[in-house]
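Working notes, structure below.
The values are calculated or read from the model by the stated rules, or taken from the named source; none is laboratory data. Keep in mind that this is a model prediction, so the values were computed, not measured. As a convention, Cβ positions derive from the backbone with ideal geometry for all residues, glycine included, and neighbour counts pool all protein chains shown. To get the accessible areas, we keep the full protein, side chains included, count just its heavy atoms, and leave off ligands, DNA and RNA. Shrake-Rupley method; radii C 1.70, N 1.55, O 1.52, S 1.80 Å.
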Amino acid sequence: MMTIEIRTVGVLGAGQMGSGIAQVAATAGYTVKLADVDLERATKATSKIAAMLGKLVEKGKLTAEAAEATAKRLIPVAGIADFGDCDLVIEAATENVDLKLKLFAACDAAMKPDALLASNTSSISVTKLAAVTKRPGKVLGMHFMNPVPLMRLVEIVKAVQTEPETYTTIKEAAEKMGKTVVTSNDAPGFLVNRILIPMLCEAMFAVQEGVGTPEDIDTGAKLGLNPPMGPLELADLIGLDTVLAIANVLYTDIGDTKYRAPTLLKNLVRAGWVGKKGGRGFYVYDEKGQKVPEGFVGTITLNRPDKLNALNAELVGELHRVLAEIRRDKDLRALIVTGAGDKAFAAGADIAAMSTMTGPEAKAFGELGHAVGAQMETLAIPVIAAVNGFALGGGCEMALACDFIHASTKAKFGQPEVNLGVIPGFGGTNRLARRVGIGRARELCFTGDVIGAEEALRIGLVNGIHAPEELLGKVKEIAAKIATKGPLAVAQAKRVLLRGLDVPLPTANELEVQAFAALFGSEDQREGMAAFLGKRPANFVGR
């Protein structure tokens, strides 16, 4: 049987894996057609690959001529119908068997009769995929490792139907792409994931059972076993949704409980915390995919869920004490304040306790609330309120003392004190007016109306709203992003923004100039500008 000469490669799926496969194929000299659900996504992916090639040129790892030639070999296309002249098509879609079966049938129909069809699947039966085509002998698995441009291995998986000539041709193509080939027969998980996934899941079971923290587990694995990454770091890189999908295939097809997925993994995926690509998994990542060190972001939880986190003297006094401790913590770079449970941030003051107060006692309680608000405003680090339910009265005032507010879609806000015959006592009148304007503040304070999250967003009371199950994760992502910035600069920006509200504009501008100049000569200023010029992430130390 004659073997086909591969000149043009189609790649289906322009995500992390598909883009990586397209890059190495084009670098090897193949013309590459890259497709996704639409032309726009494919075009964005090819532009991103071109940018990555440019970075390799800057680092001296690739010549400008080679990068330009490689980029020219990358062709974004609208879809599978454009694979008609491809000699090889590599499917790199989501690890979902029904989706892959559908895509394989579509590719088979669009491709010329002698073309080869491969899947980048990491666990799904290649024999099953081959069976839905009219070319089963020309089908096999071509499992690249992540990240594709850096990892040298390709695992070739032979379906029951795979012809020897198909295997030989694909092996030669993989080697031309600079890869080392290992060969597996078609069995659940193949070679690599049959070994890898149980190891990753066992590390997750150790976290789930409280044996150790993700940091200690990864450090122990790296220093004790000598891999470049710990198992939980690697799971975040692969994608927790992908790890779960592979674990489910292994468990279903083999039936051995050693392949079962931990509940912790299932819950992280349900929460949308799928690892590095989603900004959060076992670790938190910034927008550049850099891991945010643990300890840079703190969380305070108002913890009276049985009373809807209502504020009494004991709770407010404890908050005052904790904020004083945080002021002395030189490692923290952002702080989140939220409420325990899923019903309230803080539903207001504890009315039962407040109803018996005398005038002097009420004054002391109000002064304590004002002191807490001032603490949050004057902390050197940003404070973010994650409002997960009712934020009424004192609860709304506590949120207003934070630098900004993100809320769940079920959150409710209001200053309903007039219904009790009193007014806000923790700074609500003035902070509310500064946040939403005097007219809207008057209306809310005079009527005691309670508004929902959508209205709060519309009038500028909150900065963003999210699904309840996503709120804390989103706020942690924002805090993690802030934590990667220059802490001295963030602190000065916060100070100038706050003080500038109370002085005329020329005075506020002078404050800004002074703060701007004061940052020059700091280690952070030198590092930030050197990192920018060197086109690398900055490593700020807060000095």
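When you count the other C-beta atoms within 10 angstrom of each residue and take the mean per peptide, 240-252, 501-513, 340-352, 203-215 line up highest first as 240-252, 340-352, 203-215, 501-513. The share of accessible area on region 93-133 that comes from carbon and sulfur is 58 percent, using a 1.4 angstrom probe.
Only protein heavy atoms count here; under a 1.4 Å probe, S19 has an accessible surface of about 20 Å². Cross-link pairs exceeding 21 Å between alpha carbons, from the set K48/K476; K100/K138; K179/K535: K48/K476; K179/K535. A cut-off of 5 Å between modelled amide H atoms, ignoring neighbours fewer than 5 places along the same chain, links V11 with K33, L34, A35, I90. Restricting attention to the chain, close to 15% of DSSP beta bridges with both partner residues there are antiparallel. Note on D342 and R270: the extension gain reaches 24.2 nm, defined as 0.36 nm multiplied by sequence separation minus the Cα-Cα distance.
Region 41-63 and region 452-513 have Cα centres spaced 34 Å apart. Between the beta carbons of T183 and F532, assuming R0 = 41 Å, the FRET efficiency works out to 0.30 to the nearest 0.05.
Solvent exposure of the chain amounts to 47 Å² per residue of accessible area, where only protein heavy atoms count and the probe is 1.4 Å.
Annotation: aspartates and glutamates with alpha-carbon distance below 13 angstrom to K494 (same-chain offsets under eight excluded): E377, D403, E512. Dipole magnitude for the chain: about 740 debye, using +1 per Lys or Arg Cβ and -1 per Asp or Glu Cβ, origin at the Cα centre. Measuring between their Cα centroids, region 179-215 and region 356-378 lie 54 Å from each other.
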